[in-house]
Structures are given as structure tokens and as C-alpha cells.
Amino acid sequence: MNQSDILPERVLVVSAHPDDVDFGAAGTIAKWTSHGTQVTYAIVTDGAAGGFDQSVSRQEMARLRESEQRAAAKVVGVDDVRFLQYHDGELEVTMGLRRDLSRVIRQVRPNLVICQSPERWWERLPASHPDHLAAGEATLFAIYPDARNPFAHVDLLEKEGLEPWTVDEIYVMASPRMDTFVDITTEMDKKIEALRCHASQHPDPNAMESRVRGWLSGFAKAQGLGDDRYVEGFHRVLVG
């Protein structure tokens, strides 16, 4: 098992929707923030296409999901949550999105970025929502080459004064090629608490909890750990 014990100084998490980060990395984030890591979330879409209650307007759903994500972030020690307000369900890899993500990278100056996978995971197709794939691809483009290149999105430097920044490392969530695992057994309850903050998305929160515990317990068993352990898995990329 390639178990990560790193403790980055600054982390940026980019996800397509509110709640994606909590499914993919909330336990790892709770572990890091408890040791002083500064974490920022960048949520790309407004989440308006989510939920199960058709009586809720899409404008109200977007407001609700922002509130839920802020509450979930606080559970795992994150106060800096930024919403890029792209339309849920319509995300594409555009130069505008690459610019907006490059802006956040230059503002936050993270050592490590957690993002979604641009690769489809056939064994767990819901993890490969089109918005997830687009958010992952755009984030990778923003990391390399955009955010580090002073001649990319020149207004970021010339008009906004944002100096280029090079990210050292990437953790890719929901990747079909997971190779790095974080033991979150002691943080598992916080992860579930964060997920339960997204009440608009879970008609049966107990069933959701059971599924998530089953997934992460399965990852732990596959890595040779005991029945009472939970891990989150990532594909780790060192940025040259």
C-alpha cells in the first residue's frame, strides 16, 4: 500500500459540484486541517441541477447548495470556499474556465491541488459525471501550463497583478488508477457529518452513509488493512 503521510502547507480543492469534495476527499482534508494545512475549495458549478425535490426552484437549489457546502466545509476545518457559478450540467473545458481556475491557483498559491479525474471510471460510472470530467481536465490545464506561464491569460498578471504559480503535486479523486491512499479511520465520522450537510441531495442519508462506508472500507481491505479501517484513494501526480 502506498500510504500518504504528507502534510502540505496549502491545498486547493477543485470540484464540479457542491458535495463532490466531501465524497472524494473530506476525510483527508479533515486530517490535514487538524495539523495546520490551509485548504481552499473552488466549486465550479452552482449545483442547480441537483437534488430530488422538484418543488424547489433551481435558483433556490443553487442557494441551498452553496449554504450546504459552506456548512460541510466547516465540519472539516475549511473556511475559504469559492463558487465560480458555472451552470450545473453544462460544464465544458473552455479558455474562460481555464482562466478562472488559473486565477484561483495564482491567488491561493497551493503546494498541492486535489481535483477530479478527466478519465472515465467504467466500474463506477456515476463518478464520471460529464461535469466531473470537464472540471478535472480544465484544472489540469490550469495547473499546466496556464497558471505557471506569465504569457497565458495575460490579464491575470497585467491587470490583476497575479504572479504565475507552479503547483508541485496533484491528488486526483475518483481515478481509475488510484495509487495513493490516506487512512481516514479517525476522520471517518467527520466525513459522514460533512456529507450529511448536503441534505438536499440525500433522500435516504442512512443509505448514503452505508454506501460510503462500504466503498472506503473496501479500499482499505484491498490495501491489506483490517475490517475496521477506512481509506480515501487518489492518483498522485508530481508536476515536473
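The values are calculated or read from the model by the stated rules, or taken from the named source; none is laboratory data. Bear in mind that the values here come from a model prediction, so they are computed numbers and not experimental data. Using ideal geometry, Cβ is built from the backbone for each residue, glycine included, and neighbour counts are taken over all protein chains shown.
The criterion of being polar (S, T, N, Q) and part of a loop (DSSP other than H, G, I, E, B) holds for N149. For D19, the conditions (1) under 26 Å from F219 (Cβ atoms); (2) surrounded by fewer than 22 Cβ atoms within 10 Å (Cβ to Cβ) all hold with the exception of (2). Answer yes if at least one residue in region 115-127 is charged (D, E, K, R) and in contact with a Gly (Cβ under 7 Å, 6 or more places away or on another chain), and no otherwise. Looking for residues that are charged (D, E, K, R) and in contact with a Gly (Cβ under 7 Å, 6 or more places away or on another chain), one finds none in region 115-127, hence no.
Out of region 71-80, which residues are surrounded by fewer than 22 Cβ atoms within 10 Å (Cβ to Cβ) and touching an Asp or Glu at 6+ places or on another chain (Cβ under 8 Å)? Full working, then the answer.
First, the residues of region 71-80 that are surrounded by fewer than 22 Cβ atoms within 10 Å (Cβ to Cβ): 71, 74-75, 77, 79-80.
Correct list: V75 only.
Scanning region 157-164 for any residue that is surrounded by 12 or more Cβ atoms within 10 Å (Cβ to Cβ), of a type in the set (K, R) and either out of contact with any Leu (no Cβ under 6 Å at 6 or more places or on another chain) or assigned to a helix (DSSP H, G or I) (or both) turns up nothing. Kindly indicate whether any position in region 19-39 is among the acidic types (D, E) and more than 14 Å from the chain's Cα centre (by Cα). Within region 19-39, none of the residues are among the acidic types (D, E) and more than 14 Å from the chain's Cα centre (by Cα).
Whenever a residue of region 108-135 is under 26 Å from G36 (Cβ atoms), its partners that are crowded, with 24+ Cβ neighbours inside 10 Å and among the charged types (D, E, K, R), lying with C-beta atoms within less than 7 angstrom and at least six residues away or across chains, give the pairs Q116/D20. Taking residues in region 1-14 that are farther than 14 Å from A25 by Cα and at pLDDT 70 or above, and partners anywhere that are basic (K, R) and in a loop (DSSP other than H, G, I, E, B), the pairs with Cβ atoms closer than 8 Å and at least 6 places apart or on different chains are R10/R109. The residues of region 195-239 that are over 18 Å from the mean Cα position of the chain (by Cα), of a type in the set (D, E, K, R) and part of a helix (DSSP H, G or I), listed by number, are E209, R211, R213, K221.
If I ask for residues that are surrounded by fewer than 24 Cβ atoms within 10 Å (Cβ to Cβ) and not hydrophobic (A, V, I, L, M, F, W, C), which ones from region 32-50 would you list? Give the derivation first.
Of the residues in region 32-50, the ones surrounded by fewer than 24 Cβ atoms within 10 Å (Cβ to Cβ) are 33-38, 40, 46, 48-50.
Passing the criteria: T33, S34, H35, G36, T37, Q38, T40, D46, G50.
Just to be sure before I move on: is D88 surrounded by fewer than 15 Cβ atoms within 10 Å (Cβ to Cβ), within 18 Å of the chain's Cα centre (by Cα) and not hydroxyl-bearing (S, T, Y) in the structure I sent? Give the derivation first.
Working: surrounded by fewer than 15 Cβ atoms within 10 Å (Cβ to Cβ): no; within 18 Å of the chain's Cα centre (by Cα): yes; not hydroxyl-bearing (S, T, Y): yes.
Considered against the rule, which asks whether it is surrounded by fewer than 15 Cβ atoms within 10 Å (Cβ to Cβ), within 18 Å of the chain's Cα centre (by Cα) and not hydroxyl-bearing (S, T, Y), D88 comes out as no.
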